[in-house]
Amino acid sequence: MSKQRIHKIGEEIKRELSDIISKDIKDPRIKTGVISITGVEVSGDLSYAKVFVSIYGKDVDAGKVMDIMKKSSGFMRSELGKHIRIRHIPELIFQQDTSMAYGDHINKILKGLDTQDKEE
């Protein structure tokens, strides 16, 4: 299967998972706007899809949210099967994407340096 086709399937999975999370997951600990699917990497044989999840909010326990996502993976996979037309829906592997938090941290450091320069 071509890399372009695999990428296209990954994008479709990303779009559908975002929709499933916002509309079909009933757990009150997962509020709309708290979770964002930032990317999906699909293996060449379509057996696995690594789903990168970014979690927002200071009062949100990221560990609990990731546990809920992992426990809901079977449900999400079956829902994907209803919306995506491929023979085999890949197994979903959720991984927290901390790049947004890291970027925030770097911005705070840079702003702190900028403030120090202005004071001197």
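The values are calculated or read from the model by the stated rules, or taken from the named source; none is laboratory data. Everything numeric in this text was worked out from a predicted model, so none of it was measured. Here Cβ is always computed from backbone atoms with ideal geometry, including for glycine, and neighbour counts include all displayed protein chains.
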Check your understanding: Would you pick out the residues in segment 70-97 that are touching a strand residue (DSSP E or B) at 6+ places or on another chain (Cβ under 8 Å) and free of Cβ contacts under 8 Å to residues at least 40 places away in the same chain?
Key -> Lys70, Ser73, Arg77
Practice item. Scan segment 32-60 for residues that are farther than 16 Å from His88 by Cα, in contact (Cβ under 8 Å) with a residue 12 or more places away in the chain and either part of a loop (DSSP other than H, G, I, E, B) or not hydrophobic (A, V, I, L, M, F, W, C) (or both) and jot them down. Key: Gly33, Val34, Ser36, Thr38, Gly39, Ser54, Tyr56, Gly57, Val60
Revision key, fill the gap. Checked Ser22, Ser18 against criteria (under 17 Å from Leu92 (Cβ atoms), surrounded by fewer than 16 Cβ atoms within 10 Å (Cβ to Cβ), modelled with pLDDT under 90 and small (Gly, Ala, Ser)); the one match is Ser22
Review point. Which of (1) of a type in the set (A, V, I, L, M, F, W, C); (2) at pLDDT 85 or above; (3) over 15 Å from Ile21 (Cα atoms); (4) part of a helix (DSSP H, G or I) does Ile89 not meet, given it meets every other one?
Key: (4)
Exercise for review: Assess whether Ser2 counts as being surrounded by 14 or more Cβ atoms within 10 Å (Cβ to Cβ) and either closer than 14 Å to Gln95 by Cα or not aromatic (Phe, Trp, Tyr) (or both).
Suggested key: no
